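What follows is a short report on a single structure.
Each reported figure results from applying straightforward, stated rules to the coordinates on display, with no laboratory input. Since the model is a prediction, treat every value here as computed from it, not as a measurement. Every residue, glycine as well, gets a Cβ built from its backbone with ideal geometry; the counts of neighbours run over all protein chains shown.
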Amino acid sequence: MSLFRVFPFLPQAHVADPGGALHIPSQGGGRIDGPGRYSVLHLSDSAAGAAAEAFGRFPEWTAGMLEGSPALPGSVRAIAQYRLAPDAAVCNLNDPAQLLALGLRPSDVVSRDYAVTRTWARKIYDQRAWIGVRWWSYYSPEWFSYGLWRIDGLRLESVRPLTLDDPDLTGASRTIVRRIVGRSRH
C-alpha cells in the first residue's frame, strides 16, 4: 500500500537525518505521540490527505507555507511516497471489532483532546502487536491517517517538492475548502 507524508525536505540530507524522508521529527505535539516512550511517523493513505493534514490549519494557502523549516535552512516542503506491505500489522481503528476489543468509541478516536488520543495510542503501542495505528482523517473520512512507531518495513519510493499548482495540493484544497493564493493560472 502507498502512504504519503509532507515534510521539510533537504535534498542533500541522508534519508534518516533532519530533512530526510524517513526522519522522525521530535515528538510531543501530535495526537498519538508518546514522548519518552516511542516516536511516531505520521502519514496518510492519500497524497491529498497528507497535504490536508500538513496545511489544513491555514485558512489560505500561500507560497510561504511551502518554505521549509527555519530549523533547516534551505529546506522546502515536499511530499514523499512510501510503500508499506499490505499485511503490515497496523491497528485499524476503522474496524468496529477492533474498537470493541480496545474499549474505544469512534468519538475517542476523533477527539481533539490529546490526553484521550494519547491514552488509546499508548494502550495500542503497549500491546506490542502493532507497528502503528490507522484512523480516519480529521479533514475527510475518505482519507486515512497512519501513525507508525516502527518504520523498518516502510520503503521510500519518491520525493517531490510541493508547489501551489501541485495536483495533490489543489485536490486537498478543494476537498477541505481552502483558498490557494498566488497560484499561477494556466
* Treating the beta-carbon of each Lys and Arg as +1 and of each Asp and Glu as -1, no other charges, what is the dipole magnitude of the chain about its Cα centre, to the nearest 20 debye? -> 260 debye
* Structure fact -> Computed, not fitted: 222 nm per-residue ellipticity of the chain from DSSP H runs ≥ 4 (each -39500 (n - 2.57)), nearest 500, equal to -6500 deg cm²/dmol
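Using the Cα centre of the range 10-110 as the reference point, and only Cβ charges (+1 on K/R, -1 on D/E), how large is the resulting charge dipole? Debye, rounded to the nearest 20. List each step's numbers first, then the result.
Details: 6 positive and 9 negative charges, 23 e Å.
The calculation lands at about 120 debye.
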* Asked: How far apart, in nm, are two points set 7 Å out from the Cα along the Cα-to-Cβ line at Arg179 and at Asp108?
  -> 4.1 nm
* Take Phe144, Phe7, Phe58 and order them by how many other Cβ atoms sit within 10 Å, fewest up front. => Phe58, Phe144, Phe7
* **Hull volume in cubic angstrom per residue (convex hull over the Cα atoms of the range 97-169)** => 139 Å³
* Nearest 5 is fine: what % of DSSP beta bridges in the range 2-180 come out antiparallel, could you say? => 85 percent
* Name all residues of the range 1-20 having a backbone nitrogen under 16 Å from the label point set 7 Å from the Cα of Glu157 along its Cα→Cβ direction, giving them as ranges. => 1-6
* Asked: Once fully extended, how much extra length lies between Gln27 and Asn92, figured as 0.36 nm per residue of separation less the alpha-carbon to alpha-carbon distance?
  -> 21.2 nm
* Structure fact -> Under a Gaussian network model of the chain whose springs join Cα atoms within less than 10 Å, the largest fluctuation of Leu154, Leu164, Leu102 belongs to Leu102
* **For the range 33-52 and the range 127-149, distance of Cα centres in Å** => 8 Å
* Structure fact -> Counting sequence-distant residues (5 or more places) and residues on other chains, those with an amide H built under 5 Å from that of Ala78 are Phe7, Phe9, Leu162
* Once the Cα gyration tensor of the range 41-104 is diagonalised, what are the square roots of 5 times its eigenvalues, in whole Å and ordered largest first, as equivalent ellipsoid semi-axes? -> 32, 15, 11
* **Burial ordering of Val177, Val15, fewest other beta-carbon atoms within 10 Å first** => Val177, Val15
* List Arg179, Arg150 from most exposed to least, where exposure is judged by having the fewest other Cβ atoms within 10 Å. => Arg179, Arg150
* Asked: So what J values fall out for the range 134-140 if you push phi through Karplus, 6.51 cos²θ - 1.76 cosθ + 1.60 with θ = phi - 60°, rounded to Hz, Gly and Pro as x?
  -> 10, 8, 7, 5, 4, 7, 6
* **Cα-based Kirkwood hydrodynamic radius, the chain, one decimal, Å** => 17.1 Å
